[in-house]
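Heads up, the thing below is written out as structure tokens.
The values are calculated or read from the model by the stated rules, or taken from the named source; none is laboratory data. If you're wondering where the values come from, they're calculated on a predicted model, not measured in any experiment. Cβ placement follows ideal geometry from the backbone for every residue including glycine, while neighbour counts extend to all protein chains displayed.
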Amino acid sequence: MTAPDRPEPGPEAGVEDIEADIEATRQELGETVEALSAKLDVKQQARDKVDETKQRVTDTAHTAQQVVADKARTAQHVVTDNPQKSVPVAAVVVAVVVVLGVVVWRRRH
């Protein structure tokens, strides 16, 4: 057990000082019990981890969606600027969309 951060009331302390010290000790003990309970709550830790993972997957999907949209815009500009390159660019866009779809599908299943 660790020593308290605050000094205990001395021998000349009055009743109010002692009662205040007892109340502060109770408060610290309550906070310690809450912290230990949170560490031992496996279900809540699992829920928190699931929530973190969902958020990370959602962020990754949004980032990938933005990348695909940027690539599609770039491909559209390339196609309109040079129609002869349209087939390879379209194939790349389709491949990127398929890969994105597979990644999202695998993360959900």
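Quick look at the numbers
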{"quantity": "Set Asp70, Asp48: member being at pLDDT 90 or above and on the phi < 0 side of the Ramachandran plot", "calculated": "Asp48"}
{"quantity": "Qualifying position, being modelled with pLDDT under 75 and within 28 Å of Arg107 (Cβ to Cβ), among Val57, Val42, Val97, Val89", "calculated": "Val89"}
{"quantity": "Pairs where the first residue, in the range 18-47, is without any contact (Cβ under 8 Å) to a residue 24 or more places away in the chain and the second is small (Gly, Ala, Ser), C-beta under 8 Å, 6+ apart", "calculated": "Asp21/Ala13; Gln44/Ala38"}
